[in-house]
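Notes follow the structure.
The values are calculated or read from the model by the stated rules, or taken from the named source; none is laboratory data. In this text the structure is predicted, and so the values were computed from the model without any measurement. As a convention, Cβ positions derive from the backbone with ideal geometry for all residues, glycine included, and neighbour counts pool all protein chains shown. To get the accessible areas, we keep the full protein, side chains included, count just its heavy atoms, and leave off ligands, DNA and RNA. Shrake-Rupley method; radii C 1.70, N 1.55, O 1.52, S 1.80 Å.
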Amino acid sequence: MADVEQWLIEAKTAQREGRLKDAAEFYERAAREEDDELRGGHARRHAAEIWVKNGQVTEGRAAIAQVMQVYRERGVGGLELANALRVQALAAEAAREFAEACAAWSEAGRLYASEGVEAGVAEAKRRVAKMTAA
């Protein structure tokens, strides 16, 4: 467990310093070494988002697919699922899979609304509107 915490610290430091590739790799390493499947999924979600933002869409989509499989199997909901759906939507958009992206944004938006996260609701609505207007 101590190694996992160290990898998470390294990931956050690398992210703050703009070393996105390193940050994603540290998050992924933490996810692989984490014994708790949900905590590992949380770390992997961060890796997936960074990969997508860094243009590594294939890596991001693979990572978030793993997270979503675990979250769906384990019945994760609320804000944790909303945040994972957000990353799934970003990855789908980057891959130009707009139907998948819209579905993920819509579900994330509903969850953000139920959790009272107005910024999440606004982002989801804005993203869906942009894709459907194109």
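Here are some notes:
- Subset of region 91-105 [part of a helix (DSSP H, G or I) and either touching a residue at least 24 places away in the same chain (Cβ under 8 Å) or open to solvent by less than 30 Å² (accessible area, probe 1.4 Å) (or both)]: Ala91, Ala92, Glu93, Ala94, Phe98, Ala101, Cys102, Ala104, Trp105
- Which numbered condition Glu73 misses (of (1) open to solvent by 10 Å² or more (accessible area, probe 1.4 Å); (2) within 23 Å of Glu123 (Cα to Cα)): (2)
- Every condition in (1) at pLDDT 95 or above; (2) open to solvent by 40 Å² or more (accessible area, probe 1.4 Å); (3) part of a helix (DSSP H, G or I) is met by Thr132 except one, and the failing one is (1).
- In region 20-48, the residues that are open to solvent by 60 Å² or more (accessible area, probe 1.4 Å) reach residues that are β-branched (Val, Ile, Thr) and part of a helix (DSSP H, G or I) with C-beta atoms within less than 7 angstrom, at least six apart or across chains, in these pairs: Glu33/Val4; Glu37/Val70.
- Among residues of region 50-69 that are over 10 Å from Ala84 (Cβ atoms), those with a beta-carbon under 7 Å from a residue that is in a loop (DSSP other than H, G, I, E, B) and at pLDDT 95 or above at least six positions away or on a different chain give the pairs Val57/Ala95; Arg61/Ala95.
- Subset of region 77-87 (residues that are surrounded by 19 or more Cβ atoms within 10 Å (Cβ to Cβ), without any contact (Cβ under 8 Å) to a residue 40 or more places away in the chain and not small (Gly, Ala, Ser)): Leu81, Asn83, Leu85, Arg86
- Ala108 assigned to a helix (DSSP H, G or I) and buried (at least 23 other Cβ atoms within 10 Å of the Cβ): yes
- Check on Ala119, open to solvent by 50 Å² or more (accessible area, probe 1.4 Å) and part of a helix (DSSP H, G or I): yes
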